[in-house]
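As structure tokens, the structure follows; a few thoughts come after it.
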Amino acid sequence: MSIMLPSQIFAQLSLADVLPSCLASMGAEDFPNNLGLSPARSAVVVLVDGLGLHNLKNAQAHSRFLASNLGASAVLSTVFPSTTAAALASLTTGVTPGQHGMTGYKTRNPLSGEVLNLLTGLGALEDLDSWLTSSSLFEVARRNEIASSVVAHPRFAATPLTQLIHAGATQLSAKDLDDRVSATVASVSEPGQQLVVLYVSELDEIAHNKGVNSSEWAAALESLDGALKHLSQRLPQDVGMVITADHGVLDVPSSKHYLFGNDSEQMQYIDQVGGEPRCLQLYFSENTSQEQREATLASWRRDWSELAYVLTRDEVATSGLYGRIREGNEERLGDIFVMAKKDVAFYDERDKSKKGRSMIGQHGGISPIEMAIPGILLGAFA
């Protein structure tokens with residue numbers, strides 16, 4: 001049985017093209033300038049967590065500066081799955097998750113058999129550095145005598161995820177967004193060439209708790225809009241700026257939560273559940289036979305195909321969703337993927353803590369709202 005996915009999941013350009021294009025614009029050799037950026041001494045990349053292109057367009061009244069520059073925006077897509085750990089690693093390595101190995105929100109470690117939370121659980125790895133299977137571009141920039149910095153909230157500074165994907169960059173921390181903007185301006189105003197990534201996490205956090213259609217999210221967007229306008233006005237003339245995101249967000253009310261977990265036909269051979277509510281990754285027990293695998297897959301497809309694309313690991317690999325998959329990384333992928341077709345989310349009813357069930361804003365799937373992200377070009381890149 002062949003499962004047909006939507007034909008237009010990815011834009012021609014992606015989040016993985018942003019840093020290589022910036023480095024090419026700054027004269028670093030052997031990098032493709034797929035975004036067609038003009039030459040610049042230094043570059044600032046603003047990564048706004050959760051600010052999808054559709055989210056921005058739907059809230060133009062609250063983002064007058066950003067909306068006024070959408071005409072100078074490249075239409076980009078994030079990577080699959082549309083989740084932060086996978087996307088941030090693609091930004092900093094310039095490759096897709098199939099190559100760098102950050103293959104989902106929760107992914108099974110083939111060595112231990114345990115499911116890792118790639119945002120908060122990487123500290124459980126015995127050899128953290130080996131998990132990322134592509135090098136950070138910050139290290140490459142350093143070899144080209146380009147200094148790199150990442151400006152973010154202090155709580156991200158010492159995390160294993162930061163250590164992994166920001167290797168080679170100086171970490172600059174400030175709680176207040178205006179202070180992060182000032183730190184960014186100070187960095188690119190120094191002599192020499194600078195590549196600075198400004199990470200803004202607040203919008204995504206509010207979206208998860210309140211929803212992207214909430215007044216709180218709109219107010220945060222207005223504040224962000226003013227801060228980024230101020231940043232663009234303070235940049236030296238020879239500095240280019242790209243504003244982008246790691247994914248978009250859609251609101252999923254609790255009435256659209258669908259539960260799984262207690263159907264023995266579907267779960268008796270499933271050992272681990274990874275992924276996230278809009279893109280489950282199911283892992284078979286070690287000794288599951290081919291016949292048992294096929295029966296489990298058939299059961300999921302029979303009961304869930306109206307709500308989700310139910311694909312095998314091989315089907316996902318051949319679909320190109322992960323890009324080229326580096327040898328060894330395929331073992332991190334789920335045996336079965338359950339990807340939401342509609343504005344729904346899937347939760348394991350065996351989890352009595354109901355962890356995450358209060359989350360309103362969701363991502364991780366392949367809808368246009370989640371996949372389309374802006375690539376607004378300002379400063380020397382305008």
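Taking a label point 7 Å from the Cα of Lys341 along the Cα→Cβ vector, which residues of region 260-278 have an amide N closer than 17 Å to it?
278
With all protein chains present, how much of the accessible area of the chain (probe radius 1.4 Å) comes from carbon and sulfur, to the nearest whole percent?
47 percent
Compute the helix-to-body angle for 177-188: its Cα long axis versus the longest principal axis of the chain, expressed 0 to 90° and rounded to tens.
Result, in degrees: 60.
Any idea of Thr96's accessible area? Nearest 10 Å², probe 1.4 Å.
Result for Thr96: roughly 40 Å² accessible.
What number, in percent, do you get for the relative contact order of the chain if the mean sequence gap of Cα pairs under 8 Å and at least 6 apart is divided by its residue count?
Answer for the chain is 28 percent.
Karplus couplings for region 48-58 from phi (6.51 cos²θ - 1.76 cosθ + 1.60, θ = phi - 60°), rounded to Hz, Gly and Pro as x?
Whole-Hz 3J(HN,Hα) from phi for region 48-58: 9, 4, x, 8, x, 4, 5, 4, 5, 5, 6.
Which entries of Lys57/Lys341; Lys57/Lys175; Lys210/Lys354; Lys210/Lys341 show an alpha-carbon separation above 20 angstrom in the structure shown?
Table pairs above 20 Å Cα-Cα are Lys57/Lys341; Lys57/Lys175; Lys210/Lys341.
Whole Å is fine, so just give me how far the alpha carbon centre of region 102-149 lies from that of region 200-226.
Centre-to-centre (Cα) distance: 28 Å.
Among the lysines, which fall within straight-line cross-link reach of Lys342, defined as a Cα-Cα distance under 16 Å, with same-chain neighbours fewer than 8 residues apart omitted?
Partners within reach: Lys256.
Across the chain, where is the longest run that never hits GluC sites (Glu not before Pro) in a DSSP loop with at most 15 other C-beta atoms within 10 Å?
Counting only loop sites that pass the neighbour cut-off, the longest clear stretch is 146-285.
I'd like the distance separating the alpha-carbon centroids of region 290-361 and region 248-270, in whole Å.
10 Å
Taking region 112-187, which trypsin sites (Lys or Arg not before Pro) meet the DSSP loop condition and have no more than 11 other C-beta atoms within 10 Å?
For trypsin sites (Lys or Arg not before Pro) across region 112-187 that sit outside H, G, I, E and B with at most 11 neighbouring Cβ atoms in 10 Å, the list reads Lys175.
Can you give the accessible area per residue of the chain, in Å², using a 1.4 Å probe?
That works out to 42 Å² per residue.
The values are calculated or read from the model by the stated rules, or taken from the named source; none is laboratory data. Keep in mind it's a predicted model, so treat the numbers as computed, not measured. Cβ: placed from backbone, ideal geometry, glycine included. Neighbour counts: every protein chain shown. Surface areas here come from the heavy atoms of the whole protein model, side chains and all, with no ligands, DNA or RNA. Shrake-Rupley method; radii C 1.70, N 1.55, O 1.52, S 1.80 Å.
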